[in-house]
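Sharing a structure with you now.
The values are calculated or read from the model by the stated rules, or taken from the named source; none is laboratory data. Not measured: the values here are computed from a predicted model. Here the Cβ positions follow ideal geometry from the backbone for every residue, glycine too, while neighbour counts run over all protein chains shown. Ligands, DNA and RNA are excluded from the accessible area calculation, which covers all protein heavy atoms including side chains. Shrake-Rupley method; radii C 1.70, N 1.55, O 1.52, S 1.80 Å.
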Amino acid sequence: MTDETSNPTPSTASTPTSSGAVMSDATVAGGTGEPMITLTDVDKLFGDFQALKGINLVVGKQEVVVVIGPSGSGKSTLIRCVNHLEKHTSGTIIVDGTELTADIRNIQECRRECGMVFQSFNLFPHMTVLDNITLGPRRVRKKPKAQAEAEAMELLEMVKIPEQARKLPGALSGGQQQRVAIARALAMQPKVMLFDEPTSALDPEMVKEVLDAMQSLAESGMTMIVVTHEMGFARAVADRVAFMADGEIVEVGTPEHFFTNPQEERTKLFLSQIL
Amino acid sequence: MSDDFGAVSAQEEPLYGAPRLPEGGTGGVRAILRDNLFKDLKNSILTLLFGAVLAFIALRTLRYLFVTARWEIIYDGPLSFYMVGKDFGRTGISYEMLWAGIYVAMFTGGIAAGLGNRSAGPAMSLSARAAMIGGPLFGVVFILSMTRTITPTILTVGAVGFLLLGSQAARRVRGALKRRLGLIMLALVGLSFGFITGFDPSNIDLFGGLLLTLVVAFAGIGLSFPIGVVMALARRSSFPLIRPIAVGYIELIRGVPLISLLFMGQFAIGFMFPPGASIPGPIPRAIIMITLFSGAYVAEVVRGGLQSVPSGQIEAGKALGLSPLTITREIVLPQALRNSIPALIGQFISLLKDVSLLVIIGLQEMLGIIDVVLARREFTNQGYTPEAYAFVGAVYWTLCFSMSRAAQRLETRLGVGTR
């Protein structure tokens, strides 16, 4: 991706808005005001298809940003770029002061700071719940087994399933598996948590238990980027909501402004379709 | 096993038009017979016809086994030829030493079986257990019935005892010992090999019969497995030079018949060694070739297993910040190998049977030793051939069937096919 084509139109997200500041600037960090994740002019190409077009977004420490948008809009690609599961084509991504480069040590260092929760849980089916959670701390943080297991049990208490510790993931319900996945990501004591449609693969009655766990995590001051279709969660928990379409961030705003007074036509159309 | 049969018959029932048996079988034996075998005229005719054919075959087989067959070709063969070959005496290895090696091997196998006991799958039913033990037991009894003293039977029972001892030991070990169990087992395998070869590997060239078959088969399995795993990983590697080497090795070997590889091993392998170097004997050369051959197939089986692991598993490992090595070792390989077990065992059974091809390059494994026995004055040209081949066939069957049953047990224990 060359610089000439990377930003053909100025990103609508950074368009100056009216003095009422209905829409916040995507490049100004929320939360405590210090930036945790900074994306500048990030492009991502899959062959000829441009999945991300000049993304600019700053997520502040302790901020919860919920990313919504129609499928294929690049939401998942965006957060997968943040921990380098997808390699961005151009632009810069800075996580907690460290720029992401192609260097494997740098990538691993970044991933240790970014916990990730997947749509399909991706628990390791051949390991018990406890082993799933302790694998990262033991192998990466070199924690002794006893300490790692004690901490894992605390996390399981937090997501309210300590009694499942010795079972294999296959014996758990979807909601329980996803809560284990959250505990597994938290066990690395990350500074950021990335959620990639964490409730989309769940039966309806299990969605709430996962969202509750995420909400209590947000209230504890975790920095979070959440890709989701749960508008109720976005309203209640998000500090800012970002709307994406066609690989661009169309609009960013606080939940009340975003849902009650959207500025962009595409946002209005999307909200009218889902609400 | 009984579950499989149950599933099959349940599917086939509509074809015969027979109704499903009432739960609890209230009709008794007569009703069961009537409903399943003599439902109508056509059904009855088929039952009688196939019954007659089966009865005839069974009668002829039993008559051959117990009346007409002249088993003296086996027990006067002498039996030791079939078991250890005609030159075993020249190695100077005592039978005590050989049995010690077998016991150590059985103990090690028991440990491995006991480790598989960290059960993920459902417990085996009694009938499944009986089916698992029944076949191999029948084969072993048949082989032992050819012996003229009680000693081999006692020694065989002892070997089973060591197997059970090993599995109990595996369940009891804790702590540091358990963590080093892999190394301990490797040492035990080495010790077993040492005992069996009298601590001089060159003795292998004097082995024959079943002993040779087993040594070649287990060496081939033990060596081709790591080669296969490494090659499968190499074939998926993104490093520039590694992948073409793996692809070249696999495709080259798979494109050549094993027999031609065995001939190459006997006549052409010398070119690979520097001048003046001592070239291994014919049997190690055969082991090298069988290992290379099987390694290529194992690599493809394991590659299939690797592909069956969803990419989300690797992503989850990456997201935790694990190194590529840790992801491969802790996440991908355990799942890939578990999914490969059925095909791997098939490959290893095939390898065991391929050992019989050694007869073509003049080595006296079980099949080859038949010619030696038949050439003896008391047996030559007297039509003893069927008995000899029947016996060797029975020994091969016992080995392969045992392996297949052990694999089935492993699959059940590890819950292959269930997640």
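At 1.4 Å probe radius, can you tell me the per residue accessible area of region B:338-419 in Å²?
43
Shifting gears a bit: Loop sites only, by DSSP: take the GluC sites (Glu not before Pro) in chain B that have at most 14 other C-beta atoms within 10 Å and name the longest stretch containing none of them.
Segment B:24-377 is the longest.
Under a 10 Å cutoff between Cα atoms, tell me which one of B:203, B:339, B:43 has the largest fluctuation in the Gaussian network model of chain B.
Of B:203, B:339, B:43, the Gaussian network model singles out B:43 as fluctuating most.
Could I ask something else about it? In whole angstrom, note down how far apart the Cα centers of region A:158-194 and region B:263-318 are.
41
Once you charge only the Cβ atoms, +1 for Lys and Arg and -1 for Asp and Glu, what is the size of the charge dipole of region A:75-231 about its Cα centre, to the nearest 20 debye?
That gives a dipole near 640 debye.
Remind me, what semi-axes does region A:34-181 give for its equivalent ellipsoid, largest first in whole Å, using sqrt of 5 times each Cα gyration tensor eigenvalue?
After diagonalising the Cα gyration tensor, the semi-axes are 31, 18, 14 Å.
Here's another thing I want to ask about it. Taking chain B as a Gaussian network, where each spring joins two C-alpha atoms under 10 Å apart, which residue of B:101, B:270, B:139 fluctuates the most?
Of B:101, B:270, B:139, the most mobile in the Gaussian network model is B:270.
Taking the Cα centre of region B:235-315 as origin, work out the dipole magnitude from +1 charges on Lys and Arg Cβ and -1 charges on Asp and Glu Cβ, in debye rounded to 20.
40
In square nanometres, what is one fourth of the surface area of the convex hull spanned by the alpha carbons of the protein assembly as shown?
42.4
Which shape class, rounded, prolate or oblate, goes with region A:152-235 when its Cα gyration tensor gives a ≥ b ≥ c as root eigenvalues, a/c under 1.5 marks rounded, and past that a/b bigger than b/c marks prolate?
Oblate shape, in that a/c is at least 1.5 and b/c is the bigger or equal ratio.
A follow-up question, please. Tell me, what is the percent relative contact order of region B:74-203, built from C-alpha pairs under 8 Å that lie six or more residues apart?
It comes to 51 percent, rounded to a whole number.
Is chain B rounded, prolate or oblate when judged by the Cα gyration tensor, a ≥ b ≥ c being the square roots of its eigenvalues, rounded requiring a/c under 1.5 and prolate requiring a/b larger than b/c?
It is oblate, given that a/c is not under 1.5 and a/b is not larger than b/c.
Related question: With solvent modelled as a 1.4 Å probe, how much accessible area in total do chains B and A shield from it at their shared surface, in Å² to the nearest 100?
About 1800 Å² of accessible surface is lost on pairing.
Separate question: At 1.4 Å probe size, with no ligands or nucleic acids counted, give the accessible surface of residue A:191 in Å², nearest ten.
Surface accessible to solvent at residue A:191 totals approximately 90 Å².
Taking each pair of distinct Cα atoms in region B:245-330 once, what is the resulting Kirkwood hydrodynamic radius in Å?
Evaluated on region B:245-330, it is 15.7 Å.
Which angle from 0 to 90°, rounded to the nearest 10, does the C-alpha axis of helix A:104-113 make with the longest principal axis of chain A?
80
Report, ordered by chain and residue number, the lysines lying within cross-link reach of residue A:61, taken as a straight Cα distance under 30 Å and ignoring same-chain residues fewer than 8 apart.
A:44, A:53, A:75, A:87, A:142, A:143, A:160, A:191, A:208, A:268, B:318
When only DSSP loop residues count, what trypsin sites (Lys or Arg not before Pro) in region B:170-262 have their Cβ near at most 10 other Cβ atoms within 10 Å?
For trypsin sites (Lys or Arg not before Pro) across region B:170-262 that sit outside H, G, I, E and B with at most 10 neighbouring Cβ atoms in 10 Å, the list reads B:174.
Scaled to the compact-protein estimate 2.2 N^0.38 Å, what is the alpha-carbon radius of gyration of region A:154-196, rounded to two decimal places?
Rg over 2.2 N^0.38 Å, computed on Cα atoms: 1.14.
In the Gaussian network model of chain A, springs joining C-alpha atoms below 10 Å, which of A:193, A:158, A:244 carries the largest mean-square fluctuation?
Checking each option, the largest mean-square fluctuation is seen for A:158.
Write out the trypsin sites (Lys or Arg not before Pro) in region B:28-108 meeting two conditions: DSSP loop, and at most 11 other Cβ atoms within 10 Å of their Cβ.
Sites meeting the loop and neighbour criteria: none at all.
Antiparallel DSSP bridges in the protein assembly as shown: what percent, to the nearest 5?
Roughly 55 percent of the DSSP beta bridges within the protein assembly as shown come out antiparallel.
Something else: Determine one quarter of the surface area of the Cα convex hull of region B:256-402, which equals its mean projected area, and express it in nm² to one decimal.
About 13.1 nm², averaged over all directions.
In the protein assembly as shown, if the dipole is taken from +1 on Lys/Arg beta carbons and -1 on Asp/Glu beta carbons about the Cα centre, which of B:345, B:222, B:164 is farthest to the positive end?
B:164
What does the charge dipole of chain B about its Cα centre add up to, to the nearest 20 debye, if the Cβ of each Lys and Arg holds +1 and the Cβ of each Asp and Glu holds -1?
1020
Indicate the residues belonging to region B:312-350 that lose 40 Å² or more of solvent-accessible heavy-atom surface (probe 1.4 Å) upon moving from the chain alone to the assembly of all protein chains, ignoring ligands and nucleic acids.
B:313, B:315, B:316, B:318, B:319, B:320, B:321, B:322, B:330
Sorted by accessible area with a 1.4 angstrom probe, largest first, how do B:111, B:45 fall?
Most to least solvent-accessible, the answer reads B:45, B:111.
Using a 1.4 angstrom probe, figure out how much accessible area region A:51-110 has per residue, in square angstrom, rounded to the nearest whole.
On a per-residue basis, 34 Å².
Could you give the accessible area per residue of region A:114-190, probe 1.4 Å, as a whole number in Å²?
38
First compute the accessible area of the protein assembly as shown with a 1.4 Å probe, then give the percent of it belonging to carbon and sulfur atoms.
Carbon-and-sulfur percentage of accessible area, whole number: 62.
Further question: I'd like to know which of B:355, B:271, B:308 lies farthest towards the positive end of the charge dipole of region B:266-390, counting +1 on Cβ of Lys and Arg and -1 on Cβ of Asp and Glu.
The Cα lying farthest towards the positive end belongs to B:308.
Right, something else. What residue among A:244, B:88, B:43 has its Cα farthest toward the positive end of the dipole of the protein assembly as shown, where the charges are +1 on Lys, Arg and -1 on Asp, Glu, each on the Cβ?
Most positive-ward Cα: B:88.
While we're here: Let me make sure I get this right: for region B:153-198, a, b and c are the square roots of the gyration tensor eigenvalues over alpha carbons, sorted descending. Under 1.5 in a/c it's rounded, otherwise prolate if a/b > b/c, else oblate. Which is it?
Verdict is oblate for region B:153-198.
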